[in-house]
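Each remark here refers to the structure printed beneath this line.
The values are calculated or read from the model by the stated rules, or taken from the named source; none is laboratory data. As the structure is a prediction and not an experimental result, all values here were calculated from the model. Every residue, glycine as well, gets a Cβ built from its backbone with ideal geometry; the counts of neighbours run over all protein chains shown. The area values use the complete protein model at the heavy-atom level, side chains included, leaving out ligands, DNA and RNA. Shrake-Rupley method; radii C 1.70, N 1.55, O 1.52, S 1.80 Å.
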Amino acid sequence: MLLFAMGFLLVILQPSTGQFPRACVNTQSLLRKECCPPWAGDGSPCGELSGRGSCQNILLSQAPLGPQFPFSGVDDREDWPSVFYNRTCKCEGNFLGFNCGECKFGFSGINCNERQLKTRRNIFQLTTSEKDKFLAYLNLAKNTLSQDYVIATGTYAQMNNGFNPMFKNISVYDLFVWMHYYASRDTLLGGSNVWRDIDFAHEAPGFLPWHRVFLLMWEREIQKITGDEKFTIPYWDWRDAEDCVVCTDEYMGGRHPTNPNLLSPASFFSSWQVICTQSEEYNGQETLCSATSEGPILRNPGNNDKSRTPRLPSSAEVEFCLSLTQYESGPMDKMANYSFRNTLEGFADPQTAISNISQSGLHNALHIYMNGSMSQVQGSANDPIFVLHHAFVDSIFEQWLRRHRPMLEVYPAANAPIGHNREDYMVPFIPLYRNGEFFKFSRELGYDYEYLQEPALESFHDFLIPYLEQARQIWAWLVGAAVIGGIITAVLTGLILACQKKRRGTSSEIQPLLIESEDYNNISYQSNF
């Protein structure tokens, strides 16, 4: 009863992060191309009166793109979010949000100056009450309307360039399903023509940072609608698993007794309706997913095409992937060889790191293995196993970062597929996040994984982080001071040398004053240097 009661619990929602802010989808905002809502704390746009942020022009990356998308000006997601808005809130310090009303990930408090570190845990390490609470939170999100965000049901052109807004309400959980769909949908070229080789969240360098942001936002939304600020997403460690051990009624829903493609009626996930799964229909109608219910969750784990995915990934395959030193390589898409990203995503063989799109490894293997809603990219987030799976994928990404400790420059700055360069903004998030901003240790973003924790270093790391942050902020000043100091030192050294040279060149009657009188007759004029 607790699970079902919480599933329909009504709560007061607070500002959130996601797709189109409700305050910015009116005709005036679209025609002005401005999304700078007021912060409730002082009533000013972006909380400017309180120093939280200000409304500013968006600075888009000018770095060249890869050849995968040979068009320009045909997709609303190009140069995100400039088709819809060219002015948004730019938040100061540790403030964040579409109106600067929140804190950056990893910070909390009224002034966003309190560091926090939360731990994501293995779902099988949760107590029964913790596990039941997690399931209840999922159901609550599925049945709670987002008060701050809506979804677009038409393209900007179909909206008559802003004169006819086309947006719709959506639940908190389905908002994230829709965002995953929107980032990976095909480009509508007019008539029945579409371009399929485009994805702002997969098949390129941004795959891991994009899903990292996605999970952080999803986690924060659950914290808000439940009031449970300590909530973290659990993960499923699927290494060496012989079957889908989370596919039981106790966890994510067992198999239906008479229809193997459906979930057991004993699980409330069996009553969930999926959205955004009929991409061919949307393409044919030249429309976007409108979040209309399209049937129950489908899942038939293990009954997939074994020639493509014979089993779930092994520990050895994950370890080989972690040994790869290059984050990205070659064309920086699903054909990349020896790329950690491409191997983890599953387009490269997890034993050789050579691209092989006829097989599905690691991340992709899980999706194919589930043999249902999870197996279609655009609608895969409909199955709640999605968040458990991607939390573990993110932990592998985190392991790689800690093992190889790459500089930010390792993430490609140019020539990646559209939307995946380092300074590109991620589609379709508002507030805006750049890919490179999440190519960093998870602890800097306020979370860690239980199985990756290093107890002996934790307290020292937490002590050191504030000083590292301060050093980063004044780094340019420190470098300048070092250069100036070097110049001054060189000048002083030159002056000293000049003076000493001059002293050595003085008359002999002066020189004896520098030595003992008894050594006068044996003096030799040798340099002291």
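Helices (runs of 4 or more DSSP H) fully within the stretch 322-433 that include at least 3 residues being in contact (Cβ under 8 Å) with a residue 40 or more places away in the chain, within 16 Å of the chain's Cα centre (by Cα) and closer than 30 Å to S293 by Cβ: 385-404. Within the stretch 196-231, the set of residues being in a helix (DSSP H, G or I), in contact with a helix residue (DSSP H, G or I) (Cβ under 8 Å, 6 or more places away or on another chain), of a type in the set (D, E, K, R) and at pLDDT 95 or above comprises R212 only.
If we scan the stretch 101-118, do we find a residue that is acidic (D, E), at pLDDT 95 or above and farther than 30 Å from N283 by Cβ? Even if it seems obvious, please write down each step before you answer.
Of the residues in the stretch 101-118, the ones acidic (D, E) are 102, 114.
Of the ones still in play, those that are also at pLDDT 95 or above are 102, 114.
Among the residues that remain, those that are also farther than 30 Å from N283 by Cβ are: 102, 114.
Within the stretch 101-118, one or more residues are acidic (D, E), at pLDDT 95 or above and farther than 30 Å from N283 by Cβ.
Checked against (1) touching a residue at least 60 places away in the same chain (Cβ under 8 Å); (2) of a type outside the set (D, E, K, R); (3) open to solvent by 40 Å² or more (accessible area, probe 1.4 Å); (4) in contact with a strand residue (DSSP E or B) (Cβ under 7 Å, 6 or more places away or on another chain), I151 passes all but a single condition, namely (3). A count restricted to the stretch 248-292 and to residues that are among the polar types (S, T, N, Q) and assigned to a helix (DSSP H, G or I) stands at 5.
Note on the stretch 272-300: among residues that are in contact (Cβ under 8 Å) with a residue 60 or more places away in the chain and small (G, A, S), the one that is most open to solvent (accessible area, probe 1.4 Å) is G284.
Looking only at the stretch 217-227, residues that are open to solvent by less than 30 Å² (accessible area, probe 1.4 Å) and more than 19 Å from the chain's Cα centre (by Cα) come to 1 in all. Filtering the stretch 102-136 to residues that are assigned to a strand (DSSP E or B), open to solvent by less than 70 Å² (accessible area, probe 1.4 Å) and charged (D, E, K, R) leaves E102, K118, R120.
May I ask you to say which residue of R255, R220 is touching a Ser or Thr at 6+ places or on another chain (Cβ under 8 Å), closer than 22 Å to L298 by Cα and of a type in the set (D, E, K, R)? Please lay out each step first, then the result.
Values: R220 fails: closer than 22 Å to L298 by Cα.
Selected residue: R255, the only one of R255, R220 that is touching a Ser or Thr at 6+ places or on another chain (Cβ under 8 Å), closer than 22 Å to L298 by Cα and of a type in the set (D, E, K, R).
Within the set P81, P45, P37, the sole residue that is open to solvent by 20 Å² or more (accessible area, probe 1.4 Å) and of a type outside the set (A, V, I, L, M) turns out to be P45.
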